[in-house]
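Remarks on the structure that follows.
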Amino acid sequence: TALQHMFPACKQLPRLQHLVLGSYSDNQDAGRITTAELSSLVRACPGLVGLALSCVLAPDAYVSTLLKLPQECQHLLLGGQAFDNKAAGVVAQLTQLRSLQWTHSLGL
């Protein structure tokens, strides 16, 4: 996928602070980011302070990804993902958050 070319496992982008990924497709399965792709992306960006993901994740990809976010992450926007006890527990571990937006989600 394009993400694998932009964020290969060996590439580091230490200055990238804000990342916004969204899907504009009407097809719910088109453009879904896998857990492996998103984990690789997060590892490549150790200075990430803001992450916005909107309707692009494979099921359960967001929970494992949130666990790998840098402690410095301050801004998080998630859209279209289920908000359940597991997700809430992971978000509670992000102690540096200054803003949290979780939109269009079941369980809110």
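The values are calculated or read from the model by the stated rules, or taken from the named source; none is laboratory data. Every value quoted in this text rests on a predicted model; they were computed, and no experiment measured them. Here the Cβ positions follow ideal geometry from the backbone for every residue, glycine too, while neighbour counts run over all protein chains shown.
Just need a number here: residues in the stretch 5-25 that are under 22 Å from residue 83 (Cα atoms), outside any strand (DSSP E or B) and either more than 16 Å from the chain's Cα centre (by Cα) or modelled with pLDDT of 70 or more (or both).
Of the residues in that region, 1 qualify.
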*Odd one out for residue 103 among (1) hydroxyl-bearing (Ser, Thr, Tyr); (2) modelled with pLDDT of 85 or more; (3) touching a Gly at 6+ places or on another chain (Cβ under 7 Å)*: (2)
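If we only count strands (runs of 3 or more DSSP E) wholly inside the stretch 37-104, which ones have 2 or more residues that are buried (at least 19 other Cβ atoms within 10 Å of the Cβ) and in contact (Cβ under 8 Å) with a residue 12 or more places away in the chain?
In the stretch 37-104, the matching strands (runs of 3 or more DSSP E) lie at 50-54, 75-79.
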